[in-house]
Every structure is written in structure tokens, then in C-alpha cells.
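Q: My questions all concern the structure below.
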Amino acid sequence: MTPNLTKLAKDLRKNATQAETLLWSSLRARQIEGVKFRRQQPLEDFIVDFISFEKRIVIELDGGQHAEDRDKDEERDTCLKNNGFTVLRFWNSEVFENFEGVLETIRRKCIDT
């Protein structure tokens, strides 16, 4: 991990998207099954949106740019899976339109792992 990634992660925390802010409001402070999540966490050569090291879960929120850059997402997912993480991906619109469903999916994954 490079120092540049750490600085970028801090910048991303300060400039979170609306979807990230909304989801973080329910992930922070161990609100889901007592599981600790971090946000904008450097890992290997990537910065993940949310991560639980305890449960080995990564949550990625995808905006429109991800539809165009699937190769990079696949590379990231492969790296994370090789490191023992399960990756949950949600579209930003899904967070806004089905927030309770997103939280339930995360909650179930926390219980199952």
C-alpha cells in the first residue's frame, strides 16, 4: 500500500457520495449484527468503499462509471477474493430505491460468515 492511497482514501472519506453517506449511517458503530465496518479503506492496490476485516466482507457501491469500467471491477474483485473476502456490490440507485433490502443483504452475509 502506498502513502498516496492513504491520502486518497482520506480524501474519499471527506467527499463521500450521497449513497456512501446513507449506507455509512447504518454501517458505522457496529449497527449491523455488531460487526465493525471501515469506510474507504486501502487494501492491496485498491481502496474499497466499506470493509469488515472480522467477517471478511467488502461492500462496493457502484455509480454510472462502473458500467464502463467492468474490467477494473473484476480485477479488484479477483484480488479481494484471493485475499479471502466476499464482495457485495450494489448500484447507488439500489441504495436509494431499496435501502432496507440492501441492509438486509448485508445483515444476512454478516450472520452467514
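Q: Could you tell me whether any residue of segment 57-73 is surrounded by fewer than 16 Cβ atoms within 10 Å (Cβ to Cβ), polar (S, T, N, Q) and closer than 27 Å to Ile111 by Cβ?
A: Within segment 57-73, not a single residue is surrounded by fewer than 16 Cβ atoms within 10 Å (Cβ to Cβ), polar (S, T, N, Q) and closer than 27 Å to Ile111 by Cβ.
Q: Give the residue, chosen from Asn98, Asn82, that is within 20 Å of Leu5 (Cβ to Cβ) and more than 15 Å from the chain's Cα centre (by Cα).
A: Matching residue, one of Asn98, Asn82: Asn82.
Q: Pairs, please: C-beta under 7 Å, at least 6 apart or cross-chain, first residue polar (S, T, N, Q) and in segment 23-45, second assigned to a strand (DSSP E or B)?
A: Short answer, once both residue conditions are applied: Gln40/Ile47; Gln40/Asp49; Gln41/Ile47; Gln41/Val48; Gln41/Ile51.
Q: Among the helices (runs of 4 or more DSSP H) confined wholly to segment 11-113, which include 1 or more residues that are aliphatic (A, V, I, L, M) and modelled with pLDDT under 90?
A: 65-68
Q: Next question, about the same structure. Given the condition of a type in the set (S, T, N, Q) and more than 15 Å from Val87 (Cβ to Cβ), answer yes or no: does some residue in segment 46-53 qualify?
A: Looking through segment 46-53, none of the residues is of a type in the set (S, T, N, Q) and more than 15 Å from Val87 (Cβ to Cβ).
Q: In the list Glu20, Glu44, which residue meets the criterion of being within 25 Å of Asp71 (Cβ to Cβ) and either under 13 Å from the mean Cα position of the chain (by Cα) or buried (at least 17 other Cβ atoms within 10 Å of the Cβ) (or both)?
A: Matching residue, one of Glu20, Glu44: Glu20.
Q: Could you identify the single residue in Glu100, Glu94 that is within 13 Å of Leu23 (Cβ to Cβ), surrounded by 15 or more Cβ atoms within 10 Å (Cβ to Cβ) and of a type outside the set (Phe, Trp, Tyr)?
A: Numbers: Glu100 fails: surrounded by 15 or more Cβ atoms within 10 Å (Cβ to Cβ).
One residue alone meets the criteria, Glu94.
Q: Picking from Val48, Val35, which residue would you name as being touching an Asp or Glu at 6+ places or on another chain (Cβ under 9 Å) and more than 22 Å from Thr78 (Cα to Cα)?
A: Numbers: Val48 fails: more than 22 Å from Thr78 (Cα to Cα).
After ruling out the rest, the residue left standing is Val35.
Q: Sticking with this one: Based on this model, can you work out whether Ile106 counts as surrounded by 15 or more Cβ atoms within 10 Å (Cβ to Cβ), in contact with a strand residue (DSSP E or B) (Cβ under 8 Å, 6 or more places away or on another chain) and over 19 Å from Leu12 (Cβ atoms)?
A: Against the criterion (surrounded by 15 or more Cβ atoms within 10 Å (Cβ to Cβ), in contact with a strand residue (DSSP E or B) (Cβ under 8 Å, 6 or more places away or on another chain) and over 19 Å from Leu12 (Cβ atoms)), Ile106 qualifies.
The values are calculated or read from the model by the stated rules, or taken from the named source; none is laboratory data. Everything quoted here is computed from the prediction, not taken from an experiment. Glycine also receives a Cβ, built like all others from the backbone with ideal geometry; neighbour counts cover every protein chain displayed.
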